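Q: What follows is a structure written as structure tokens; I'll ask about it next.
What follows is calculated from the coordinates using simple rules that are stated; it is not laboratory data. No experiment lies behind these values; they were computed from the predicted model shown. Quick reminder, even Gly has a Cβ in these numbers, built from the backbone with ideal geometry, and neighbours come from all protein chains shown.
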Amino acid sequence: MTHHFLALTGETPDSFRLLLDRSAFWKRSVREGMPESARLSGRGGGGAVLALLFQKPSTRTRVSFEMAMHHFGGRALYLSPSEVGLGSREAPEDVARVLGRYVDGIMARVFQHDDLISLARFSGVPVINGLSDIEHPCQALADFLTIFEHSTKEPAGGTLTFLGDGNNVCHSLMIAAALTGTHFRWCGPKGYEPLSDYVDRFQEIAEETKSRLELTNDVSAAAGSDFLYTDVWASMGQEDEAEKRRERFRRYQLNEDVLEKSPGARVLHCLPAHRGEEITDGVIDNPNVSVVFEQAENRLYAQMAVLERAFSE
Ligand code: CP
Ligand code: NVA
């Protein structure tokens, strides 16, 4: 069986819990010393090689995957947005068939989620989603590692409010909330809600985990949150809409007023942040509330758990 990691909608509460436990294990291991046996083997018996295929820029995803492969005694092969031309220079199916003959796994950041599905279908090696138009599952795994490190409401993460666009980051986060029994609120402008398929999947999972979902256009509904999360208003590829979106989302900024109504809350952001737009300097730089840099660090450990599973039998 090939262990792809394309979308959190394919996880169960147990499989996600296991990934979180292994993420915490790799965090301890990197800090205290990696076990001798922590090696990912590739074809021919050498260290595994992971292709990092990017259609968009990245700091965290690229560097954390490169470092994860380094810790596992393998290596990563960076393919920049200008090189492969997925879907323009060459059909995704053909890129998949070729890469699958060289490397042991593929991590891809794409515009269209369907291209990930093609890579998974035709490469014959594990494919990991490093962000698509509809999900960012590695991010949500790191987010929940961070949430559980700071949550006072074990086993669930209390109430998590996402302010802003119902985008890729929001979709993965809300499914992770459903999987962990966390109460999830989306708070943003009309017309920018999460996809209805994601709302439906949340409700299906919540039948087991008892998570609750609220969708609201009222920013005052963010009050009383345990965790407040935001992301950019215009994602990569939506730069043409940035002006319009600034106008629509202005009311949903994560600022000192919003924070004041959730005493004790921690603040998350996947980064990169557009400071002064979706989040103020005073919030993101407040060391008593902001856990964004720990969250970024946790990408490394979350992805080590994903890679461990991807390269397992
Ligand atoms: N959060 C995140 O995925 O960051 P990068 O775009 O820098 O990889
Ligand atoms: N929603 C953002 C996340 C960046 C990590 C984007 O897709 O650009």
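Q: Can you report the principal axis dimensions of the range 1-74 using only the alpha carbons, biggest first, rounded to whole angstrom?
A: The Cα atoms of the range 1-74 stretch 32, 31, 29 Å along the principal axes, largest first.
Q: At what distance in nm do the modelled label points of Lys56 and Thr2 sit from each other, each positioned 7 Å from its Cα along Cα→Cβ?
A: My value for the distance between the label points is 2.4 nm.
Q: Based on the alpha-carbon gyration tensor of the range 175-302 and its eigenvalue square roots a ≥ b ≥ c, which shape applies: rounded if a/c is under 1.5, prolate if not and a/b is larger than b/c, or oblate?
A: Numbers: a/c = 1.42, a/b = 1.17, b/c = 1.21.
Rounded shape, in that the Cα axes give a/c under 1.5.
Q: Working from the pairwise distances between different alpha carbons, so that the mean of 1/r is found and then inverted, what is the chain's Kirkwood radius in Å? Intermediate results must be reported in sequence, preceding the final value.
A: Values: mean 1/r = 0.0507 Å⁻¹.
Mean inverse Cα-Cα distance, inverted, gives 19.7 Å.
Q: Compute the helix-to-body angle for 60-71: its Cα long axis versus the longest principal axis of the chain, expressed 0 to 90° and rounded to tens.
A: Computed tilt is about 40 degrees.
Q: Excluding Gly164 itself, calculate the net charge of residues whose Cβ lies under 9 Å from the Cβ of Gly164, where each Lys or Arg counts +1 and each Asp or Glu counts -1.
A: Numbers: positive: none; negative: Asp165, Asp231, Glu278.
Once all neighbours under 9 Å are counted, the net charge is -3.
Q: Given C-alpha coordinates of the range 185-259, what is the ratio Rg to Rh with the Kirkwood estimate of Rh? Walk me through the numbers on the way to the answer.
A: Details: Rg = 14.0 Å, Rh = 14.0 Å.
Answer for the range 185-259: 1.00.
Q: Output the antiparallel fraction of DSSP beta bridges having both residues in the chain, as a percent to the nearest 5. All intermediate terms of the calculation are to be shown ahead of the outcome.
A: Working: 1 of 36 bridges.
Percentage antiparallel, nearest 5: 5.
Q: Could you check the spin-label model distance between Ser80 and Ser220? Points 7 Å from the Cα along Cα→Cβ, value in nm.
A: Going by the 7 Å Cα→Cβ label model, 5.1 nm.
Q: Further question: Using modelled backbone amide H atoms (1.01 Å from N, in-plane), which distant-in-sequence or interchain residues come within less than 5 Å of Leu254's amide H?
A: The list, which skips near neighbours in sequence, is Ile279, Thr280.
Q: For the Cα atoms of the chain, what angle does the longest principal axis make with the long axis of helix 92-102, in degrees from 0 to 90, nearest 10?
A: 50 degrees
Q: Cα-based count: Lys pairs in the chain below 30 Å, eight or more positions apart or different chains?
A: Qualifying lysine pairs in the chain: 12.
Q: Still on this structure, please answer the following. Only bridges whose two residues both fall in the range 1-109 count here: according to DSSP, what percent of them are antiparallel, nearest 5? Before the final figure, lay out each step's value.
A: Values: 1 of 12 bridges.
Antiparallel: roughly 10 percent of the beta bridges in the range 1-109.
Q: Give me Arg31, Arg109 sorted ascending by neighbouring Cβ count inside 10 Å, so fewest comes first.
A: Arg31, Arg109
Q: At a Förster radius of 22 Å, what calculated FRET efficiency corresponds to the Cβ-Cβ distance of Ser37 and Tyr102, to the nearest 0.05?
A: Details: r = 26 Å, r/R0 = 1.18.
Approximately 0.25, to the nearest 0.05.
Q: Work out how much length Asn288 to Glu260 would gain on full extension: take 0.36 nm times their residue separation and subtract the Cα-Cα distance, in nm to one decimal. Show your work: numbers first, answer last.
A: On the way: separation 28, 0.36 × 28 = 10.08 nm, distance 1.26 nm.
Extra length available between Asn288 and Glu260 comes to 8.8 nm.
Q: Calculate how steeply helix 13-32 sits against the longest principal axis of the alpha-carbon atoms of the chain, using the helix alpha-carbon long axis, and give the answer as 0 to 90 degrees to the nearest 10.
A: Its long axis makes an angle of about 80 degrees.
Q: Cβ under 15 Å from Gly87's Cβ, Gly87 left aside: what net charge do those residues give with Lys, Arg +1 and Asp, Glu -1? It would help to have the intermediate numbers written out before the result.
A: On the way: positive: Lys56, Arg89, Arg97, Arg109, Arg121; negative: Glu83, Glu90, Glu93, Asp94, Asp114, Asp115, Asp133.
Spelling it out: positives minus negatives among the neighbours equals -2.
Q: Let me ask you something else. Show me, for the range 264-270, the HN-Hα J-couplings you get by feeding each phi into the Karplus relation (A = 6.51, B = -1.76, C = 1.60, θ = phi - 60°), rounded to Hz, glycine and proline as x.
A: Rounded to whole hertz, the list is x, 5, 9, 10, 10, 7, 5.
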